[in-house]
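Chemist: Take this structure, written in structure tokens, and hold onto it; I'll ask about it next.
The values are calculated or read from the model by the stated rules, or taken from the named source; none is laboratory data. This one's a predicted model, so the numbers in the text were calculated from it and none came from an experiment. Cβ sites come from the backbone with ideal geometry, for glycine too, and all protein chains shown count toward neighbours.
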Amino acid sequence: MTRFIKQTRIEAPAEVVFAWHELPEALPSLIPPWENVRVVNQTGPISQSGSRVTLRINMLGPITVDWVSEHHNYQAGRQFQDTQISGPFARWTHTHRVIPIDEAHCLLEDDIDYALPLAPLSHWVAGWMVRQKLQRMFDYRHAQVVKAFSGVKR
């Protein structure tokens with residue numbers, strides 16, 4: 001099992017931060033501009049178990065991969081998960097959590113359990129590179145959420 005966890009304190013109530021993640025424009029705004037990825041389909045909201053999101057990833061030149069994830073384990077105001085149905089990983093389960101700290105602050109947590117294709121060899125050869133890419137991507141994503149709530153009156 002390979003795990004990646006990113007946590008950031010957000011200066012906003014947990015319910016407000018979670019509600020932001022439920023907006024249709026949230027996902028596109030979390031895709032880093034340097035990633036050649038776009039949302040091609042969404043079948044429903046994160047609250048609907050079994051709803052799916054399809055991302056198209058340009059791997060190299062004209063080579064693309066569709067990454068299909070399915071939402072489940074929704075807990076209103078607190079968490080949801082997406083699990084890869086098909087895509088670049090051998091396994092991917094991403095738990096999105098918004099944990100209350102107090103009435104005006106929360107902890108945003110992304111907890112990802114993943115495996116690369118051809119593991120364990122691929123983890124030995126490219127695991128460090130994937131981890132760096134995840135770190136950079138989730139640093140950006142968390143910065144976007146912090147930015148969305150900076151200057152918001154509570």
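Chemist: Of the conditions (1) modelled with pLDDT of 95 or more; (2) buried (at least 16 other Cβ atoms within 10 Å of the Cβ); (3) touching an Asp or Glu at 6+ places or on another chain (Cβ under 8 Å); (4) not basic (Lys, Arg), Ser86 clears all except one; give me its number.
Modeler: (2)
Chemist: A further question follows. Could you give me the residue pairs with C-beta distances under 7 Å whose first residue belongs to the range 82-98 and is free of Cβ contacts under 8 Å to residues at least 24 places away in the same chain and more than 14 Å from Thr54 (Cβ to Cβ), whose second residue is of a type in the set (Lys, Arg) and surrounded by fewer than 17 Cβ atoms within 10 Å (Cβ to Cβ) wherever it lies, and which are 6+ apart or on separate chains?
Modeler: Filtered contacts from the range 82-98: Arg97/Arg78.
Chemist: Could you list, in sequence order, the residues of the range 1-45 that are aliphatic (A, V, I, L, M), part of a helix (DSSP H, G or I) and either over 21 Å from Gln75 (Cα atoms) or touching a residue at least 40 places away in the same chain (Cβ under 8 Å) (or both)?
Modeler: Those that are aliphatic (A, V, I, L, M), part of a helix (DSSP H, G or I) and either over 21 Å from Gln75 (Cα atoms) or touching a residue at least 40 places away in the same chain (Cβ under 8 Å) (or both): Ala14, Val16, Val17, Ala19, Leu30.
Chemist: Please determine whether any residue of the range 65-76 is in a strand (DSSP E or B), farther than 18 Å from Thr95 by Cα and in contact (Cβ under 8 Å) with a residue 12 or more places away in the chain.
Modeler: Checked against the condition, which is being in a strand (DSSP E or B), farther than 18 Å from Thr95 by Cα and in contact (Cβ under 8 Å) with a residue 12 or more places away in the chain, the range 65-76 yields at least one hit.
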